[in-house]
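Step one of this worksheet: look at the structure below.
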């Protein structure tokens, strides 16, 4: 394991900012994206192509894609809820497009007012749109399996349902599927089991990333379980911004800084310079003075003598 | 793994209370111990036999041992820094005695003003004391390897030194050794490696427990790594009380509630009733109104439909 490359995919500018009410100015977002890319993060989800009246926080996504594309080596990812969003994403030149599909149909209806069948139709239409692009301009297309580990509305989400939707997303034309613990229900045993099951259906290469939350404090333990199964892309949010419906400390997203520290200490390559990453917090804090940033490693600092791989 | 029994060893009344300045009244400590035992926790470190002028918070340890011994099925554990403390512990009737020995000699000198050689002499004297007790009244004797994963003073602590001290503690008469991440420096890869190495020296049965901190957010990930290696006893502190020199969220100890949730969700047996365990917080809060209790699971609540093993 030690020595392998793990991609940290920063989702703060999308998942983080959509969950808080203050609207970060576009220039501040650019500064954040630039600083985090300069710290070595190679994939950043910069926004979501949703109507501005629904998520005014993300209304500048097209401009951010254009900006982020100018940063060498950076994979510019976006979320799209439908074909219209995908058209905008393709026009803007996003490198990676994710459509979230909630395995809990109750959640899907509540969230985007669409059934599974309707979402799969949308997925197929997006896949056709991408295929119609000239080679070299086709973004990678991911189906994000939301509520894959449980649902606040339905409770347990049956594994069979996850596999069914994963297979359907691939048939509809996704390049890969990602498992998402939208509700913070996952545990490490379940993470291992579900990754193995989904991979047995779609193939290892088509299930490479997971989006885990830290709602019940298990975020990094779940990430470790995912690494053990060979997952190579882990989503995280700087300062754990986003998805925080609870009291202080109960952050939604995994904290990028803590994840990066864990990976570095374990000897994984991430390309991330931890000192520079910790400094990115100042950029975000300056633009969001009233938003609390979480993170244990930022509070405690790096261990004395820490130089990448620790205690080896 | 699922189905095996994991011992959660509550260290809050010792490690927690020694780290905060308010002194919890003895009756409140008894209520805490009783409530947590009633919630199913089967091992509790109730205090430390140190001079009251050094740790006035723990001056009532003998009384707590006597009280806790009346609770059926509870293993009553205490910490002792030296022979004098062990004499008091044996007289009080503790079931388990731990002597901490810092693998970092700088830390040992700073903390207890003793070299390794002096601490090992003390350990041998305690072992002799225990052996002199009538059979059936001999407490289990553990050597706790503090700073085993790194030291705030020395930085990296060489693995060879950990093995040397582990072997020396066993030779001095300990029944087992425990690995302690006193400084919150451990990472999962290191946890696995060090457990394996120590077990190769002392035998699997003689290295069954770990004391992990959550200083950099890796506490539960490290616990998971320890479980993967077959560790069967995990220390934790209710509300994460203790060892918290940093900002909010940067708790020192692993939070008992989060650990218990993770274990239950993974299908491990712990004997703990999670609802009852969460209610123990009220007992502690009432006695320590100014001390912040941490924990993600307490803030977020248990998942909808959670009934012990989740998502199976």
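The values are calculated or read from the model by the stated rules, or taken from the named source; none is laboratory data. Given the structure is predicted, the values throughout are model-derived calculations rather than measurements. FYI the Cβ positions are ideal-geometry reconstructions off the backbone, even for glycines, and counts take in every protein chain you see.
From the list B:215, B:183, pick out the single residue that is facing chain A (nearest Cβ under 8 Å) and under 20 Å from residue B:101 (Cα atoms).
Values: B:215 fails: under 20 Å from residue B:101 (Cα atoms).
One residue alone meets the criteria, B:183.
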I need a count of the residues in segment A:282-312 that are farther than 14 Å from residue B:218 by Cβ, in contact with a helix residue (DSSP H, G or I) (Cβ under 8 Å, 6 or more places away or on another chain) and within 8 Å of chain B (Cβ to nearest Cβ). 2
For segment A:107-158, what are the residues that are surrounded by fewer than 18 Cβ atoms within 10 Å (Cβ to Cβ) and touching a strand residue (DSSP E or B) at 6+ places or on another chain (Cβ under 7 Å)? A:111, A:140
Within the bounds of segment B:202-214, is there any residue that is more than 25 Å from residue B:277 (Cβ to Cβ) and touching a residue at least 40 places away in the same chain (Cβ under 8 Å)? yes
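Residues are listed down the side, and each one gets a yes or a no for (1) more than 19 Å from the chain's Cα centre (by Cα); (2) away from chain B (no Cβ under 12 Å); (3) buried (at least 19 other Cβ atoms within 10 Å of the Cβ):
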| residue | (1), (2), (3) |
| --- | --- |
| A:177 | no, yes, yes |
| A:197 | yes, no, no |
| A:207 | no, yes, yes |
| A:232 | no, yes, no |
| A:236 | no, no, yes |
| A:266 | yes, no, yes |
Of those in segment B:130-148 that are at pLDDT 95 or above and within 14 Å of chain A (Cβ to nearest Cβ), the residue nearest to residue B:116 (Cα to Cα) is B:145
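So which residues in segment B:192-209 are in a helix (DSSP H, G or I), touching a strand residue (DSSP E or B) at 6+ places or on another chain (Cβ under 7 Å) and under 26 Å from residue A:258 (Cβ atoms)?
Residues of segment B:192-209 in a helix (DSSP H, G or I): B:192-202, B:204-206.
Still in the list and also touching a strand residue (DSSP E or B) at 6+ places or on another chain (Cβ under 7 Å): B:194-195, B:198, B:202, B:206.
Hits for segment B:192-209 are B:194, B:195.
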Name the residue, out of B:236, B:223, that is on the phi < 0 side of the Ramachandran plot and not in a strand (DSSP E or B). B:223
Among (1) at pLDDT below 95; (2) in contact with a strand residue (DSSP E or B) (Cβ under 7 Å, 6 or more places away or on another chain); (3) over 28 Å from residue B:306 (Cβ atoms), where does residue A:183 come up short? (3)
Among the residues in segment A:86-105, are any at pLDDT below 95, crowded, with 18+ Cβ neighbours inside 10 Å and assigned to a helix (DSSP H, G or I)? yes
How many residues does segment A:170-186 contain that are under 25 Å from residue A:267 (Cβ atoms) and outside any strand (DSSP E or B)? 1
Log entry, pairs with first residue in segment B:1-27 being within 14 Å of another protein chain (Cβ to nearest Cβ), second being part of a strand (DSSP E or B), beta carbons closer than 8 Å, six or more apart or on different chains, reads B:3/B:269; B:4/B:269; B:6/B:233; B:6/B:234; B:6/B:269
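Residues being more than 9 Å from chain B (Cβ to nearest Cβ) and part of a loop (DSSP other than H, G, I, E, B): count how many of those fall in segment A:149-169. Break it down into steps so the answer makes sense when it comes.
So the first thing to find is which residues in segment A:149-169 are more than 9 Å from chain B (Cβ to nearest Cβ), and the list is A:158, A:160-169.
If we keep only those that are part of a loop (DSSP other than H, G, I, E, B) too, we end up with A:158.
Residues that pass the stated criteria total 1.
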Just to be sure before I move on: is residue A:78 buried (at least 24 other Cβ atoms within 10 Å of the Cβ) and either in contact (Cβ under 8 Å) with a residue 24 or more places away in the chain or outside any helix (DSSP H, G or I) (or both) in the structure I sent? yes
